Structure formats: C-alpha cells, structure tokens
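Peer 1: Here it is, the structure, as structure tokens.
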Amino acid sequence: MKRYVTETVGLPTLTDILAELAKPGRDPRQQFEVFSFKEGVDTLEDLRPGMKLPGVVTNVTAFGAFVDIGVHQDGLVHVSQLADRFVKDPAEVVKVQQKVMVTVTEIDLPRKRIALSMKTNPEIGPTAGDQTARRPQRPASLRPASKPAAPKPMDWFTAALDKAKQRPK
C-alpha cells in the first residue's frame, strides 16, 4: 500500500478508503428522496380546479412562491395562500427546491396562469380579492357609447419643436 502514497494522498487517507470499501452496500450519503410529478398531468389543459398536485418551489418573491407542477408553466402560490396562518414573509414558509403539495384553485388558459394554494382547505375559483370576479357587468344596452380616442400626448421634444416653428423669426 505504501507504493500508492503520494504528496497529495497520504497513508491515513488510503487506509480510510480501504476501510470504507470493505463495507459494500453502505452509502454514507443521506437517503435520496425520489420525486415525480402526477401522472397524466402534462399540459395546462390537463389541470382542473381542486386538483392536489406535488410540486417543487422554483422561486420565492415578496408576493408568494412559484411552484413547478410539471406542466411547463409554474403556478403562483400567493402569500395569502401559503399557509392557514398569516404569513408576512414567504421565505418563512418555503424555500427554493422545496417539495410541496399544492391545490389548483384557478386556471387562466389565455394568459397561461395557474393559481395554487398550500392551505388545508383552499377556496376554489376566483378569490375574494379579485375585482374582476366580483364586479357585475352592465348589459350592453346600458353601457355608455364609446368615446373617440383622445389625441396622443406629445413628448416634450416634439412639443418644443412645434413651439419653435411657431415662433416669429
């Protein structure tokens, strides 16, 4: 064994390596946790409100956390939906690469947005804070006639040029 000793690898290191190799099947690393997305949920069209899905946190912001649920579009868990209690800072509850279980609360296919929740009993559908969901629409017959488009405001440079042109020489 002394013939393998070099300046960078000493005899104690070689002895430790041989001792570990003598114990096959023992891995000193932490237990590896296998993660997989839900089978059959591959696109936004596969999602339905109320679905419970496993996901991985990809980003944490001041307003919530983005979670990859396996549909090639991260969903947002708003700060108000991170826990059943008040959350001031989303970083208190989640961190990047954390595995979480989320519930789909809303899907906006045209804008490719997914609203998610980590609460135990989330409210499914448009949330109470969504102004567009609560505002009733007037019937078309009662809507005011559309106004003609206002002229485009000029930038300061164009306005200065026009003023200079009008000034007497």
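The values are calculated or read from the model by the stated rules, or taken from the named source; none is laboratory data. Because the structure is predicted, anything quoted here is derived from the model rather than measured. Counting neighbours? That spans all protein chains shown, and the Cβs are built from the backbone with ideal geometry, glycine included. Side chains are part of the model used for accessible areas, which takes the heavy atoms of the whole protein and leaves out ligands, DNA and RNA. Shrake-Rupley method; radii C 1.70, N 1.55, O 1.52, S 1.80 Å.
Peer 1: Could the peptides 43-52, 111-120 be put in order, highest first, of the mean number of other beta-carbon atoms found within 10 Å of their residues? It would help to have the intermediate numbers written out before the result.
Peer 2: Values: 43-52: 13.2, 111-120: 17.7.
Descending mean neighbour count gives 111-120, 43-52.
Peer 1: If you bin every alpha carbon distance in the range 3-112 into 5 Å steps from zero, what whole percent lands in each bin?
Peer 2: 2, 10, 17, 15, 12, 8, 5, 5, 7, 8, 7, 4, 2, 0
Peer 1: Over 23 Å between Cα atoms: which of 99/119; 52/95; 88/112 fall into that group? Before the final figure, lay out the partial values.
Peer 2: Values: 99/119 15 Å; 52/95 20 Å; 88/112 27 Å.
Checking Cα-Cα distances, 88/112 exceed 23 Å.
Peer 1: In addition: How large is log10 I(q)/I(0) at q = 0.14, 0.19, 0.20 Å⁻¹ when the Debye formula is applied to the Cα atoms of the range 58-110, each weighted equally and without solvent?
Peer 2: Values, matching the q order: -0.34, -0.62, -0.69.
Peer 1: Right, another one. Straight-line reach from residue 165: which lysines have Cα under 28 Å away, leaving out those fewer than 8 places along the same chain?
Peer 2: 152
Peer 1: Now for a separate question. Determine the gain in length on full extension of the stretch residue 162-residue 46; use 0.36 nm per residue of separation and subtract their C-alpha separation, reporting nm with one decimal. Provide the component values of the computation, followed by the final result.
Peer 2: Details: separation 116, 0.36 × 116 = 41.76 nm, distance 5.70 nm.
Length difference between fully extended and current span is 36.1 nm.
Peer 1: Further question: Taking all protein chains as present, what is the carbon and sulfur share of the accessible area of the range 1-112, in % to the nearest whole number, probe 1.4 Å? If you can, show how the numbers build up before the last one.
Peer 2: Values: 4520 of 8130 Å².
The nonpolar share, carbon plus sulfur, comes to 56 percent.
Peer 1: What does the accessible area per residue of the range 11-90 come to in Å², with a 1.4 Å probe and no ligands, DNA or RNA counted? Please list the in-between numbers first.
Peer 2: Details: 5560 Å² over 80 residues.
Value for the range 11-90: 70 Å² per residue.
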